[in-house]
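The values are calculated or read from the model by the stated rules, or taken from the named source; none is laboratory data. Owing to the predicted nature of the structure, the values given are computational and were not obtained by experimental measurement. Backbone-built Cβ (ideal geometry, glycine too); neighbour counts: all protein chains shown. The area values use the complete protein model at the heavy-atom level, side chains included, leaving out ligands, DNA and RNA. Shrake-Rupley method; radii C 1.70, N 1.55, O 1.52, S 1.80 Å.
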Amino acid sequence: MAFYTVQRNGLAATADDLAPLAFAGHAHFTAMQVRGGEVRGLDLHLERLRSASAELYGRALPDDRIRSLLRTALAASPADVSLTATVYSAPGEFTADDTTELDVLVRTGPPASGPAGPLALTTVEYERPVPAVKHVGEVAKTYYMRRAVRDGFDDAAFIDRRGRFSEATIWNLAFWDGDSVVWPDAEMLTGTTMGIVRRQLTRLDVPQRTQEITLADLPALAGAVVMNSWTPGVAVHRIDALPIPEAPRFLELLHRAYDAEPFTKP
């Protein structure tokens, strides 16, 4: 993929800027789709960066600083892009020094919309460390995704030590019981698209609830999807050997809710 811009703290990133990050695994980020220079759920992205910085570093950059850096990168990019904003500290990992000023790397590239689906998922018992933070250096995500593809699936879904569905490799999961959207109850990353969809479903008076979901619960459900910054819903038609019913109304509701979210300029 040819990136449009890579900037560190608002300036074009040099090789010297990027070298410390080449093998670093102590940082966090948010990813978004920009259309016409605007973003859905900007408040959720800013909140994600604030809370993750507080968790990892004990401090956070002001929202105005983040927004300024996003605008600078977008000014050097086409109107429609994928954007990733990564926050890190220069000392990196394997050091107790966490007192330096936080740095921000903003990268833009071609826009994306995700796979068409439907997808087949295999289950893996795995729990992400510090699951509420969208952090980097997670080898397990790609490892389990590629292993799933080798085994004839499209991707992997994670089940925790109590047998509960949490999330998928780079996705949130959502289920459908025929009337309500059902969100998994487990430790996970709450995605920005998930947050957008949930609040817009509330405004549309669509029933939704959170509950623990295990493999044994799947036969009673009427649909499943994955979602991330690319898309509010890609249908899942099989989990392990269990077929999942088609749920066109479920997909339509998720996409309608997402489309109801207004765009905002950074």
Heavy-atom accessible surface of the chain: percent carbon and sulfur, 1.4 Å: 53
Options Thr193, Val136, Ile159, ranked by Cα towards positive dipole end of region 119-264, top entry (Cβ charges): Val136
Helix axis angle, 248-260 relative to the chain longest principal axis, alpha carbon, degrees: 30
Relative packing of peptides 69-81, 12-24, 136-148 - highest average C-beta neighbours within 10 Å first: 69-81, 136-148, 12-24
C-alpha center-to-center spacing [region 210-225, region 44-83] in angstrom: 35
Degrees separating the helix 42-57 axis from the principal Cα axis of the chain, which is the longest one: 70
Rounded tilt (10° steps) of 63-75 against the dominant C-alpha axis of the chain: 90
Cα-based radius of gyration of region 57-163 once divided by 2.2 N^0.38 Å, which approximates compact folds: 1.38
Charge dipole (debye, nearest 20) of the chain; +1 at Cβ of Lys and Arg, -1 at Cβ of Asp and Glu: 440
Three principal axis lengths of region 123-257 [C-alpha, angstrom, descending]: 39, 31, 27
Rounded if a/c under 1.5, otherwise prolate or oblate - region 5-109, Cα gyration tensor axes: oblate
Estimated dipole of region 159-266 in Debye, rounded to 20 [Cβ of Lys and Arg +1, of Asp and Glu -1, Cα centre]: 260
Tail beyond 27 Å, pair distance distribution of the chain (Cα, percent): 40
25 °C / 0.890 mPa s Stokes-Einstein diffusion coefficient of region 162-209, Kirkwood radius on C-alpha pairs, µm²/s: 214
